[in-house]
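For reference, the structure is listed below as structure tokens.
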Amino acid sequence: MNQADRFSAAAPNQRFIQGVMPREESMTEHVFTVPADYGCLAILDPEKYVGFVSEDWAIEGLKKHFINQNKNGSLISWGCSYGNWIIKLAIGPSNDAGYRSFVSGFKTNGKVLLTTYESLTMAAQFEDVTLPEAHEIKQVVEVQPGNYKVTVTQLFHTDQAESDEVFNQKTPHYLVSLEPANEEVDPVMEVPWFEGY
């Protein structure tokens, strides 16, 4: 039996996503492995997010764009270093304690895309690039439309971010919890943890 056959024979409540071995999931949790370079990770509504900035954007303008899209409720981004990040996207309140976290508002028409700095900058530079890019299709999660309180929790020591131990760990590095909210939640006025630029 080849690898594809083995995964297609997995139990219905398991998924194989971008190189992650199948694991038990509930209907409200999705686990992704996302290779990323230095920069940031993000969730966005692909139907609302405006990606294009300028063919010759500068980093300060890009950060301002991310903040403005966050104010509109269509993007939440946070800084990361180079890594093979495992991210758990959960619908419901955050219960996992971590090493640091932040809260921001998010408003969606019913889709959430988990994306990277590489894709965000491609969309920022080229007007004809839309998100998700082809390799990100499986990183789109359907949710109920509406307002959400989003808590992003980092589950590893910051000073070990570039260690082999963190790079190779099998448990999530980040928990992104989307909790339905009856009203709009305040945005953040920065790109949390974004460093080096």
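Of the solvent-accessible surface of segment 87-131, computed with a 1.4 Å probe and all protein chains present, 46% belongs to carbon and sulfur. Rounded, prolate or oblate: which fits segment 148-197, taking a ≥ b ≥ c as square roots of the Cα gyration tensor eigenvalues, rounded meaning a/c under 1.5, else prolate when a/b beats b/c? Since a/c reaches 1.5 but b/c is at least a/b, the shape of segment 148-197 is classed as oblate.
For segment 62-112, what does the alpha-carbon gyration tensor say about shape, rounded, prolate or oblate, given a ≥ b ≥ c as the root eigenvalues, a/c under 1.5 as rounded, and a/b over b/c as prolate?
Numbers: a/c = 1.73, a/b = 1.19, b/c = 1.45.
Oblate, since a/c reaches 1.5 and b/c is not below a/b.
Which whole-number percent gives the relative contact order of the chain, counting Cα pairs below 8 Å spaced six or more residues apart? Walk me through the numbers on the way to the answer.
Working: 406 pairs, mean separation 55.3, N = 197.
Relative contact order of the chain: 28 percent.
The distance from the alpha carbon centre of segment 26-51 to that of segment 81-118 is 7 Å, rounded to a whole number.
So if I place +1 on the C-beta of Lys and Arg and -1 on the C-beta of Asp and Glu, and nothing else carries charge, what would the dipole magnitude of the chain be about its Cα centre? I want it in debye, nearest 20.
Details: 14 positive and 27 negative charges, 100 e Å.
With Lys and Arg at +1 and Asp and Glu at -1, about 480 debye.
Counting only protein heavy atoms and using a 1.4 Å probe, the accessible area of residue 57 comes to about 70 Å².
P(r) tail, the chain: Cα-Cα pairs separated by more than 24 Å, 38% of all pairs. Of all lysines in the structure, the ones whose alpha carbon falls short of 16 Å from that of residue 138, not counting any fewer than 8 places away in one chain, are 88, 111.
On average, how much accessible surface per residue is there in the chain, in Å², for a 1.4 Å probe, leaving out ligands, DNA and RNA?
Roughly 53 Å² per residue, with all protein chains present.
Helix 59-71: angle to the longest alpha-carbon principal axis of the chain, degrees 0 to 90, nearest 10? Tilt of helix 59-71: around 80 degrees. Derived scalar couplings between HN and Hα for segment 150-158 equal 10, 10, 9, 10, 8, 10, 9, 5, 4 Hz in order, rounded to whole Hz, by the Karplus curve 6.51 cos²θ - 1.76 cosθ + 1.60 (θ = phi - 60°), x for Gly and Pro.
The values are calculated or read from the model by the stated rules, or taken from the named source; none is laboratory data. Note that the coordinates shown come from a computational prediction; the quantities given were computed from them, not determined experimentally. Backbone-built Cβ (ideal geometry, glycine too); neighbour counts: all protein chains shown. In case anyone asks, the SASA skips ligands and DNA or RNA and just uses the protein heavy atoms, side chains included. Shrake-Rupley method; radii C 1.70, N 1.55, O 1.52, S 1.80 Å.
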